[in-house]
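The block underneath contains the structure these notes are about, expressed in structure tokens.
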Amino acid sequence: MLSVRQVTKEFGGIRAVDACSFEVERASITGLIGPNGAGKTTLFNIMSGFLRPDRGEVWFDGQRIDHLPPHRIARLGLVRTFQIPRELKAMTVLENLMLVARDQRGERIWNSWFFPSKVREEEEAARAKAEEVLEFLDLSRHAHELAGNLSVGQKKLLELARGLMADPKMFLLDEPGAGVNPSLMRRITGYIEELRRRGTTFLLIEHDMDLVMNICDKVIVMNQGTHLAEGDPEVVRQNPVVVEAYMGGTP
């Protein structure tokens, strides 16, 4: 589904990502781990179009994407979330989702004058889909609440919900467990596993090793911008090179 090929990115002479290569299989959950400063988020920014690589290529579902802007990549079905949620605080939860709906005629003001019934029909379809997503993520009771009033965990769910409105083939999740209590994290994990069963692919950055070990089919380890190791979670956990670089001790 995703192929990263010899990707390199530098900032003022500092090499944040150094000839990094790996692949993510379709309908899998893959963990991307490593110490702070390993280059994980920089790589996410490259894969999602927020940064261009200095060298290398990124391919998604058979198409090269490293030259495309974020909105084009999202329309291809590669959607990301952020470690710090970026909700539209002054809009309701429902409005945050409806805004994501694609190809809405109402985005052009003249269509509201010349095709009001079609605009209304599309808006109702977007509302129905948003309500369905909110019900799936157990957020329906917050539909008309301002997004800025949600808890950290609820905002993480909102990030996931907005991504689902874009009909993703693959999610890039940046620390979905950060700042989330264990009960809500179990719910988020359940949603991820259910979406994978439906065919969605996941690549997630996460520092919670218990979460990584429990949910991931494969783990990729980065250190100092490079691909250090990958494989089955338990095998990676016992890898002495990984232990030295990431866990700082004996497994």
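Derivation of every value follows stated rules applied to the coordinates shown; laboratory data play no part. Note that the coordinates shown come from a computational prediction; the quantities given were computed from them, not determined experimentally.
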Given the options Asp138, Asp210, Asp167, which has the most mean-square fluctuation in a GNM of the chain, springs set between C-alpha atoms less than 10 angstrom apart? Asp210
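At 222 nm, what helix-only mean residue ellipticity would the chain give, in deg cm²/dmol to the nearest 500, using -39500 (n - 2.57) for each DSSP H run of four or more?
On the way: 9 runs with 91 residues, N = 251.
One gets -10500 deg cm²/dmol as the mean residue ellipticity at 222 nm.
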Principal-axis tilt of helix 116-136 within the chain, Cα atoms, nearest 10 degrees: 40
Candidates Val219, Val100, Val58, ranked by Gaussian network fluctuation over the chain, Cα under 10 Å, top entry: Val100
With both bridge residues required to lie in the chain, what share of the DSSP beta bridges run antiparallel, to the nearest 5%? 55
Can you give me the three principal axis dimensions of the chain from its C-alpha atoms, in Å, biggest first? 63, 40, 33
Please give the contour-minus-distance gain from Phe50 to Arg102: 0.36 nm per residue of separation, less the Cα-Cα distance, rounded to one decimal in nm. 16.7 nm
Gaussian network model of the chain, springs between alpha carbon atoms under 10 Å - residue of Gly31, Gly62, Gly148 with greatest fluctuation: Gly62
